[in-house]
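The values are calculated or read from the model by the stated rules, or taken from the named source; none is laboratory data. Not measured: the values here are computed from a predicted model. Glycine also receives a Cβ, built like all others from the backbone with ideal geometry; neighbour counts cover every protein chain displayed.
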Amino acid sequence: MASPQHTPSTTIDIGIDDAQRKAIADGLSHLLADTYTLYLKTHNYHWNVTGPMFNTLHLMFETQYNELALAVDLIAERIRALGYPAPGSYTQYAKLSVIKESETVPPAMEMIADLVKGQEAVVRTARKMFPHVEAAADEPTADLLTQRMQIHEKTAWMLRSMLQ
């Protein structure tokens with residue numbers, strides 16, 4: 001008699017119930033959209049910055065967009081670990097993000113001010129998630145959020161310092 005085929009379980013049993021995982025994944029989707037939109041804006045400004053601070057800003061924006069590129073992967077992978085698909089299109093990001101794309105090429109100082117707003121927006125999006133994350137005792141997501149907030153707050157401070 002043949003033994004029954006073994007099918008691996010697709011049920012996620014990590015100690016966080018389905019509703020909590022869904023709420024956290026939804027919040028992370030907003031964070032991913034904000035992060036990706038900020039990445040795109042920062043990369044655009046890197047390409048198009050001009051003026052006396054060109055070299056400084058060109059290099060600074062490059063460092064920032066490289067960091068954001070790594071961050072989107074971490075956020076998307078956390079969404080996947082929670083059992084949900086990560087959004088990955090401009091259409092989805094436009095619906096989920098509070099950060100608006102720049103359709104013009106502003107002067108360098110306006111770029112800096114715009115990026116400060118974007119960095120701060122990402123922090124606010126991350127901060128809003130903590131009640132869900134804490135209720136679920138989801139330490140991996142809490143750790144990710146804390147790291148992201150530290151990076152964005154520091155970057156906003158550095159950019160803001162250039163405006164004074």
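Quick check on the stretch 35-54: of everything there that is within 12 Å of the chain's Cα centre (by Cα) and not hydroxyl-bearing (Ser, Thr, Tyr), which residue is surrounded by the most Cβ atoms within 10 Å (Cβ to Cβ)? Please lay out each step first, then the result.
In the first step, residues of the stretch 35-54 are kept if they are within 12 Å of the chain's Cα centre (by Cα); the result is 35-40.
Still in the list and also not hydroxyl-bearing (Ser, Thr, Tyr): 38, 40.
Values: 38: 26, 40: 18.
Looking at residues that are within 12 Å of the chain's Cα centre (by Cα) and not hydroxyl-bearing (Ser, Thr, Tyr), I get 38.
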Item to check | Some residue of the stretch 55-70 being in contact (Cβ under 8 Å) with a residue 12 or more places away in the chain, in a loop (DSSP other than H, G, I, E, B) and more than 12 Å from the chain's Cα centre (by Cα) | outcome: no
Item to check | Set 46, 30: member being within 24 Å of residue 120 (Cβ to Cβ) and in contact with a Phe, Trp or Tyr (Cβ under 9 Å, 6 or more places away or on another chain) | outcome: 46
Next on the checklist: For the list (1) farther than 16 Å from residue 38 by Cβ; (2) free of Cβ contacts under 8 Å to residues at least 12 places away in the same chain; (3) out of contact with any helix residue (DSSP H, G or I) (no Cβ under 8 Å at 6 or more places or on another chain); (4) outside any helix (DSSP H, G or I), I need the number of the one condition that residue 137 fails.
Outcome noted: (2)
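Starting from residues that are of a type in the set (Asp, Glu) and without any contact (Cβ under 8 Å) to a residue 60 or more places away in the chain, keep the ones in the stretch 84-130 and report whichever is surrounded by the fewest Cβ atoms within 10 Å (Cβ to Cβ). So that I can check it myself, show each step before the final result.
Filtering the stretch 84-130 down to residues of a type in the set (Asp, Glu) leaves 101, 103, 110, 114, 120.
If we keep only those that are without any contact (Cβ under 8 Å) to a residue 60 or more places away in the chain as well, we get 103, 110, 120.
Numbers: 103: 6, 110: 14, 120: 16.
Among those that are of a type in the set (Asp, Glu) and without any contact (Cβ under 8 Å) to a residue 60 or more places away in the chain, it is 103.
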Next on the checklist: If a residue must be under 12 Å from the mean Cα position of the chain (by Cα), assigned to a loop (DSSP other than H, G, I, E, B) and farther than 14 Å from residue 115 by Cα, how many such residues does the stretch 89-104 contain?
Outcome noted: 1
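Based on this model, can you work out whether residue 110 counts as at pLDDT 95 or above, out of contact with any helix residue (DSSP H, G or I) (no Cβ under 8 Å at 6 or more places or on another chain), under 26 Å from residue 54 (Cβ atoms) and not in a loop (DSSP other than H, G, I, E, B)? First the steps, then the outcome.
Details: at pLDDT 95 or above: yes; out of contact with any helix residue (DSSP H, G or I) (no Cβ under 8 Å at 6 or more places or on another chain): yes; under 26 Å from residue 54 (Cβ atoms): yes; not in a loop (DSSP other than H, G, I, E, B): yes.
Spelling it out, residue 110 is indeed at pLDDT 95 or above, out of contact with any helix residue (DSSP H, G or I) (no Cβ under 8 Å at 6 or more places or on another chain), under 26 Å from residue 54 (Cβ atoms) and not in a loop (DSSP other than H, G, I, E, B).
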Next on the checklist: Take residue 76 and tell me if it is at pLDDT 95 or above, within 18 Å of residue 14 (Cβ to Cβ), in a helix (DSSP H, G or I) and in contact with a Gly (Cβ under 8 Å, 6 or more places away or on another chain).
Outcome noted: yes
Checklist entry - Which of the residues belonging to the stretch 140-164 are under 17 Å from residue 68 (Cα atoms) and either aliphatic (A, V, I, L, M) or in a loop (DSSP other than H, G, I, E, B) (or both)? => result 144, 145, 149, 151, 156, 158, 159
Checklist entry - Scanning for something surrounded by 15 or more Cβ atoms within 10 Å (Cβ to Cβ) and more than 11 Å from the chain's Cα centre (by Cα), does the stretch 2-14 turn up at least one residue? => result no
